[in-house]
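**Student:** Have a look at this one.
Coordinate-derived values only; no laboratory data. On a predicted model such as this, the values are computed, not experimentally measured, just so you know. Here Cβ is always computed from backbone atoms with ideal geometry, including for glycine, and neighbour counts include all displayed protein chains.
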């Protein structure tokens, strides 16, 4: 009993972090409707900042740094500056990323917050390096700030610091609760969560209220993590990043509304995890459950919170939420497909070694990205568990080939069936929730699978999960042969599997399944009123997507001969989602781009070998996500909107031109969906900038469909030009226009319809 | 339609309602000083996704006046109000409230003294009555509001979503009045309410207009009751002004209104 | 296409349908019937509970009471089952699938999805568009717009696509929620003609609208709702002469 007490109190340190991060997530959700996956990474910066100050007084900025004090900074200023740095990041995130996305589709918001999370994580690793700090970052440790005293209670040794942390967490949560409950601005914040339009009619600005919440939650998140750092994780970047997942799950327990419940649930979760950890040391604890139990708990909590508690989670009542990017159904033309396959085959034949390997990995990640396109792009279900499905198949493949001796084609198929079953189970929450909340449930599922399956020594030996090389009719298809790290046969095997499945997916997209998916994606209730079984359709989507990811995971397994959990981490999954979003979440072409740019793909190798920039890979990926999500979102973003709102009039000819640009480059699918939006932006920008005589040659339709890169640069040049000319001019100049307006109630819709015309 | 003259015109004689009256302006003799109009809508077209729901609408309200905005469903009454409050940027035409252009700036327009009670009443159902009220003003305003609407006093701690329709209606008006608006736009306050509840609230509006010089635009489906307190009226049909004139004249000639509603 | 039911056959019958929102009775014991070949109007002022009633009987809102289609109870079926059984509705806001073409909007309503559909997609031959889809588009006069996207259509055309989507397949009873709102007078008249043709094919139609001209012109019988209750029923002539109806629409004081 005293042991349990002792471990429970020990768990208050992580519990306090869950409680404060969770309360912050709730407050941000109330104020903005955004679920911020970056909250843990935000706090990570604060931990490093405080540690750096305490080591030698270095204040690190995203660019540049300076010595704040000669020698170590005092404890309290270091703590406050560390927390304040989180505040600054949070406010920046609000104004630069989330505010522009306030009416964007949920997918854009999720991608942006995941992008923020990766960006901060990458920046911390890059910025707190030996050059900047003037010392080896590996010797950096978070200094204990709280007293290290202990006392004995009922036979248990209790650390005072843990109690203080719990107390601070409770105080912070109480402060947030009181702000939201009793102050006028807090009341207005809650009111805005219910009906933003009505709040604006009362003269309040939801954006300013949100800025306050962002700043305050950033500060307290930084504060608690800096204080708890010595006890919970030192300075390891990824562990902080994923503190957000348990925090999200307790936030769901509080239905994203009740700060008090979230605080209590957070502390309880921390204590429970430590008690379970204590339990795993006992003889009676089943050996298969010795690892990963603590990490699996959040998913259990999410499922229980969603199903047992039963009450729905309120969604934000704001007008005019944008839609997902438009879809154009792919048409399979034998000749281009055969040509593309021939080119791919030729390139594989002409390369060797690491380059060929990266091409093969690109093909495999294309398949995994297609599973994202199907589930998220076509069906509209945001799943962050893709790599977990892939990994499950990989590990199943290991068991099937080494233990059961299942021969090749069946082994791969059965492994994918395993992940299909898993996918359907993970998809069940999608029948109750949607949007960002589904993203939370799936990321919790992914972490649970990662901890409980991939990193579980009783299921996966420490030596790694071996996979027997494939062979067909006695003909070896093994990836390695002597010194050749990747054989031509294996490469062609992968290519064949991927191409066949891509064709199958294209046929699905063009058939009844694709239509049913798109119907569910665009309007669930209309879909069911048209006779579509929405629940069955969603589960079918999860099943197909996890089957595809499973085949991908099996191929990854075959390509390395031995699996490590590192190939299938949640982080890799998030990167794949990000790359697919950047490439174009609704097209197979987008998936190909994601494959080429994805982890271990061609782009990675190029950055690594040719430019020696591999350490910037995550940073580049994160910036790509943020730019794509905020500046050039596939559904028409603030840049496009801003231009549309300030264009005094658009001549019919030009307007038609813009329409055909959109249609043309989508169906051609030549470069990316990026060229669609960039192209449209460039066209409208061209009109705006005409008066300044710096108009890029984007006024004509044909010139625009060029490449994504040039269209994008043209757009940014043009937007700069029109920023100079347009400025803050009133939109009264649109008085006699009959084609372009941006109704404030639904600007994104207006912008879209302007684009379509 | 020509721009209404800024100087108040004397009450027109209701002889010729066949040709629509140019300006829907009636000035009560009490405030016959050359006051600036509270709300002027000129040649307004507005709509959604670039498709106009109203075209070329003109109207004007002076301080202390009530304008009844009538018409069958889908005629464009709500669109007109949304544009007047700044929630909808006009496709063309202008909205000037209290001397300043509105053009889609809802928060600024609201702070300048234009209040819209939308057709869902704009109440926050998860908040209590007192929380709803406190959003609109300080203690003094709260006391005044409770003096005018004493029926809200016993309900202060109750969640707004649990109030009856009539109570919500009172709360919506009380909260709006706490902000001391100078232009009040009301959209279908009586939605789903019995005629008795409407009869209770309309005289209050008349009183407010007279006492505080408030300009009111009233969208209301109970035509007779709306006309009974209004100074002037505009009837919209398929997005355009079908009929406008002094309320008294329209009251006399129900045939026309009825045909605008039930078709010819 | 409508499965040629007997013209005078009782198709839709509701009995005592009530809907509660919190403490409010949005629908109070609504009992009505629609026969094959008949156009029935359901009118009433804003907030009377008409859309709530449609939501209830199509399975989108919980209710008490019974809903029968062709003598079979639908009370345990979800929305998509009710649609496949032949009870189809349109939505006030159109609610088309913006990512699909006009024809595809209709195809979704006739083709089977699920695992079998997916297998057919991958391994089977590409299916031709069902003749029923063309028939439905012809009926509303939009066949030449089949390949357009909904946002390229006028509001009136979008509403017609919604109607076409609801009549395609084995539809027996069609519930139209404000199909004429936002249409101009001309479109509204043309729409009335199309409704007549639909009913002539044996379909039962329940028409909910504010456009009194349309309702009074086209309907065989009319129910009038106010405060969640049926307050009057009869032929268009009877109903428009009814004092209570005029009162419900124009307020209490009725001058003659």
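**Student:** Quick one: if you stick a label point 7 Å off each Cα along the C-beta vector at residue A:471 and residue C:18, how many nm between them?
**Tutor:** For the pair residue A:471/residue C:18, the computed spacing is 7.6 nm.
**Student:** Next up: Using only the alpha carbons of region A:356-568, determine the length spanned along each of the three principal axes and report them from longest to shortest in whole angstroms.
**Tutor:** 60, 36, 28
**Student:** Starting from a Cα-only point model with no solvent, please compute log10 I(q)/I(0) by Debye for region A:544-589 at q = 0.16, 0.20, 0.30, 0.31 1/Å.
**Tutor:** -0.52, -0.78, -1.13, -1.13
**Student:** Also, quick follow-up: Using Cα-Cα distances under 8 Å and only pairs 6 or more residues apart, what relative contact order does chain C have, in percent?
**Tutor:** Values: 503 pairs, mean separation 74.5, N = 256.
So the answer I get is 29 percent.
**Student:** In addition: Using a 10 Å cut-off around each Cβ of peptide C:158-165, what is the average number of partner chain Cβ atoms that fall inside?
**Tutor:** 1
**Student:** Ok, one more. Classify region A:1-160 as rounded, prolate or oblate, taking a ≥ b ≥ c as the square roots of the eigenvalues of its Cα gyration tensor: rounded when a/c is under 1.5, otherwise prolate if a/b is larger than b/c and oblate if not.
**Tutor:** Here region A:1-160 falls in the oblate category.
**Student:** Counting other C-beta atoms within 10 Å, which of A:284, C:91 has the fewest, and how do the rest follow?
**Tutor:** Ascending number of Cβ neighbours within 10 Å: A:284, C:91.
**Student:** In what sequence, highest mean first, do A:567-577, A:539-549, B:164-174 appear when ranked by Cβ atoms within 10 angstrom?
**Tutor:** Averaged packing, sorted descending, gives the order A:539-549, A:567-577, B:164-174.
**Student:** Next up: Can you grab the distance from the C-alpha centre of region A:473-539 to the C-alpha centre of region A:80-151, Å, no decimals?
**Tutor:** 37
**Student:** While we're here: Using only Cα atoms and rounding to the nearest 10 degrees, what angle (0 to 90) does helix C:185-200 make with the longest principal axis of chain C?
**Tutor:** 70
**Student:** Normalise the Cα radius of gyration of region A:91-151 by 2.2 N^0.38 Å (N = residues in it) and let me know the number.
**Tutor:** Taking N as the residue count of region A:91-151, the ratio is 1.71.
**Student:** In Å and from the alpha-carbon atoms only, list the Rg and Dmax of region C:126-203.
**Tutor:** Spelled out, the Cα radius of gyration and Dmax of region C:126-203 are 12.5, 42 Å.
**Student:** So what is the relative contact order for region A:353-508, in percent, with contacts set as C-alpha pairs under 8 Å and at least six apart? Walk me through the numbers before you get to the answer.
**Tutor:** On the way: 138 pairs, mean separation 48.1, N = 156.
Relative CO of region A:353-508 lands at 31 percent.
**Student:** Within 10 Å of each Cβ in peptide C:121-127, how many partner chain Cβ atoms are there on average? Round it to a whole number, please.
**Tutor:** Details: counts 12, 10, 2, 3, 0, 4, 2.
Per residue, the number of nearby Cβ atoms from other chains is 5 on average.
**Student:** Further, regarding this structure: Could you calculate the FRET efficiency of residue B:143 with residue C:31 from 1/(1 + (r/R0)^6), where r is the beta carbon distance between them and R0 is 56 Å, rounded to 0.05? Please report the intermediate quantities before stating the final value.
**Tutor:** On the way: r = 50 Å, r/R0 = 0.89.
So, using R0 = 56 Å, E works out to roughly 0.65.
**Student:** Defining a contact as two alpha carbons under 8 Å apart and six or more residues distant in sequence, what relative contact order in percent does region A:2-285 show? Provide the component values of the computation, followed by the final result.
**Tutor:** Working: 495 pairs, mean separation 120.2, N = 284.
Contact order relative to length: 42 percent.
**Student:** Dividing the convex hull volume of the alpha carbon atoms of chain C by its residue count, what do you get in Å³ per residue? Please report the intermediate quantities before stating the final value.
**Tutor:** Values: hull volume 34.6 nm³, N = 256.
So the per-residue Cα hull volume is 135 Å³.
**Student:** Which ordering of C:225, A:579 is given by a fewest-first count of other beta-carbon atoms within 10 Å?
**Tutor:** The order, fewest Cβ neighbours first, is C:225, A:579.
**Student:** With 14 Å as the cut-off, how large is the P(r) tail for region A:502-559, expressed as percent of Cα-Cα pairs?
**Tutor:** Value for region A:502-559: 60 percent of Cα pairs lie more than 14 Å apart.
**Student:** D for region A:2-285, whole µm²/s, Stokes-Einstein with Kirkwood Rh over alpha-carbon pairs at 4 °C and 1.567 mPa s: what number?
**Tutor:** Rounded to a whole number, D works out at 67 µm²/s.
**Student:** In which sequence would A:94, B:238, C:80 go, from the one with the fewest C-beta neighbours within 10 Å to the one with the most? Don't jump to the answer; show the numbers that get you there.
**Tutor:** Numbers: A:94 25, B:238 18, C:80 22.
Starting with the residue having the fewest Cβ neighbours, the order is B:238, C:80, A:94.
**Student:** A follow-up question, please. Taking each residue of C:75-85 in turn, how many C-beta atoms of other protein chains fall within 10 Å of its C-beta, and what is the average?
**Tutor:** On the way: counts 0, 0, 0, 4, 11, 11, 3, 3, 6, 4, 1.
Mean partner shielding for this stretch: 4.
**Student:** How big is Rg to Rh over region A:440-526, alpha-carbon atoms, Rh as the Kirkwood inverse-mean-distance radius?
**Tutor:** On the way: Rg = 20.0 Å, Rh = 17.4 Å.
That ratio equals 1.15.
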